[in-house]
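Report on one structure; see the data block that follows.
The values are calculated or read from the model by the stated rules, or taken from the named source; none is laboratory data. All of these numbers come straight from a predicted model, not from anything done at the bench. Note that we place each Cβ from the backbone using ideal geometry, even for glycine, and neighbour counts take in every protein chain shown. What goes into the accessible areas is simple: the full protein's heavy atoms, side chains included, and nothing from ligands, DNA or RNA. Shrake-Rupley method; radii C 1.70, N 1.55, O 1.52, S 1.80 Å.
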Amino acid sequence: MVRLLGVPFTPADPARTAAEVLAECVGPPGLYLHVPFCSQLCPFCPYNKVPFQPRLARAHMGLVEQELRWYTQAASEPFTSLYVGGGTPTLCREQLRMLSDVPVVGERAIEVLPSHMTPRVSAELQKLGFDAVSIGVQSFDDAVLHHLGRPTNAATNRRAVAVAREQFGCVDVDLIFDVAYRGTEGLLADLREAFAAGVDQVSTYPLMRFGYTPFGKADHDRKAEHAVLAAATELAQRHGYRRDSVWTFVREGGGVYTSITRPYFVGVGAGAATFTGRSFAVNHFGLDQYAAAVLAGQLPIGLMATLPRPLARAYRSFWQAYTGRINSVAGDEATDRLLDHRSVRAALAAMQRLGWVETEAQGYHLTDRGYDRYHDIERWVTYHLIEPLWAQMMTEHGLAEDYPESVSAAG
């Protein structure tokens with residue numbers, strides 16, 4: 001049984017309503033919509049995805065629209081942000097018109113496959129209200145793209161970045177680094193190109209090897225990953241970028257593109273997750289299970305864990321620290337409340353003694369040592385919480401049936 005901070009994930013109450021989910025949110029939530037379709041399934045990707053079939057996609061997105069309607073009708077205030085991920089969301093641009101009337105006070109962001117980032121598609125996305133894009137470049141090196149099984153090439157990636165820079169107020173470039181494959185210099189070469197292009201943000205992810213993917217399990221070279229991120233931080237500073245989280249670098253004066261550091265969020269679509277500040281839930285991964293729930297008039301929540309308040313604060317603190325800071329910022333009542341709790345203050349004091357954090361005017365920030373430790377902790381959480389949870393949900397596709405017995409403690 002998969003657990004979150006010791007609390008087991010169990011099937012959700014089928015009577016749970018959108019109004020109850022929103023009422024449980026400790027603060028105003030963001031909205032995440034997951035589109036699970038891909039024309040080609042990349043062998044390293046652990047996210048919920050299925051092969052794209054136009055009729056299947058139209059039918060599924062119609063059900064997503066119904067789930068979204070339940071939340072928008074129950075919402076008493078706008079969502080703080082909108083983030084559309086996948087999968088490959090830009091395969092379903094016509095169906096994403098459902099988002100036009102969703103009230104959002106912050107950014108509207110979407111993940112884009114590089115080959116889709118053309119002037120025509122860019123105009124369509126802008127018409128839908130998107131003002132921020134994340135381009136799944138992963139590398140500007142054709143050998144690396146072949147290694148990752150990506151359906152794109154370096155030239156296409158460069159064109160996509162150039163188009164996005166012309167059209168959108170905030171552009172993120174995703175890069176994957178695998179020190180076992182190309183050492184330190186590979187990521188630095190990709191970073192130099194991304195920085196030279198002047199994008200607002202670069203997100204650098206270590207290649208995570210989930211046991212249910214074709215890439216399979218493998219150990220990480222912890223020290224090598226620390227070294228490449230330290231070198232990346234120095235390179236970023238020389239190009240006018242600052243480290244804005246464990247794995248991201250932001251151009252000074254540029255926008256920030258992020259989804260996982262939202263304090264609270266509601267997830268819509270097969271494979272989406274929700275965190276209210278009280279509970280963490282994941283929707284059904286299987287399209288059949290998702291459809292059965294929505295057609296029965298039920299939220300398509302597959303599993304959820306309801307956390308006691310201290311554990312909920314610990315979970316919230318963990319993702320706040322991902323940004324490199326736990327600060328009291330004007331208007332961020334969620335962080336203010338965190339810093340008021342004795343248990344959080346005690347944990348931060350211990351981290352300060354270990355040299356992981358230092359104080360600043362409004363709170364704390366991670367030191368270089370703290371970034372290294374958090375990198376290790378985040379990887380541990382990925383392999384010991386996220387991977388087993390998703391592996392269990394993948395069984396709804398008829399995949400990973402034997403995975404729970406074969407999971408290792410890699411990392």
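Assorted remarks:
- Close amide H partners of residue 200, meaning residues 5 or more places away or on another chain with modelled amide H under 5 Å apart, are 171.
- Percent carbon-and-sulfur accessible area, the stretch 103-145, ignoring ligands, DNA and RNA, probe 1.4 Å: 55
- Local electrostatic count, residue 6, Cβ distance below 15 Å [Lys/Arg +1, Asp/Glu -1]: +3
- Rounded to the nearest 20, the size of the Cβ-charge dipole of the stretch 146-243 about its Cα centre is 40 debye, with Lys and Arg at +1 and Asp and Glu at -1.
- Under Karplus coefficients 6.51, -1.76 and 1.60, residue-wise ³J(HN,Hα) of the stretch 228-237 in Hz, glycine/proline x: 5, 6, 5, 5, 5, 5, 5, 4, 4, 4
- MRE, 222 nm, helices only [DSSP H, n ≥ 4, -39500 (n - 2.57), over the chain, to nearest 500]: -12000 deg cm²/dmol
- Lys, Arg +1 and Asp, Glu -1 on Cβ, resulting dipole of the stretch 182-323 about Cα centre, debye, nearest 20: 500
- Test item: Cα-centred dipole of the stretch 23-119, Lys/Arg +1 and Asp/Glu -1 on Cβ, debye: 380
- Probe 1.4 Å, protein heavy atoms only - accessible area per residue of the chain in square angstrom: 42
- Label of the coordinate-derived value, P(r) over Cα pairs in 10 Å bins from 0, in percent, listed as (1) 4, 18, 22, 18, 14, 10, 7, 4, 2, 0; (2) 4, 22, 34, 29, 10, 0; (3) 4, 21, 29, 24, 14, 6, 2, 0, 0: (2)
- The 3J(HN,Hα) values that the Karplus relation (6.51, -1.76, 1.60; θ = phi - 60°) gives for the stretch 43-59 are, in residue order, x, 8, 6, x, 6, 5, 7, 9, x, 6, 10, x, 5, 5, 5, 4, 5 Hz. Gly and Pro appear as x.
- Under 5 Å between amide hydrogens, built in the peptide plane, is the criterion, and for residue 37 it picks out 50, 88 among residues at least 5 positions away or on other chains.
- All Cα-Cα distances of the stretch 148-248, cut into 5 Å bins from zero to the largest, leave 2, 11, 22, 23, 19, 14, 7, 2, 0 percent in each bin in turn.
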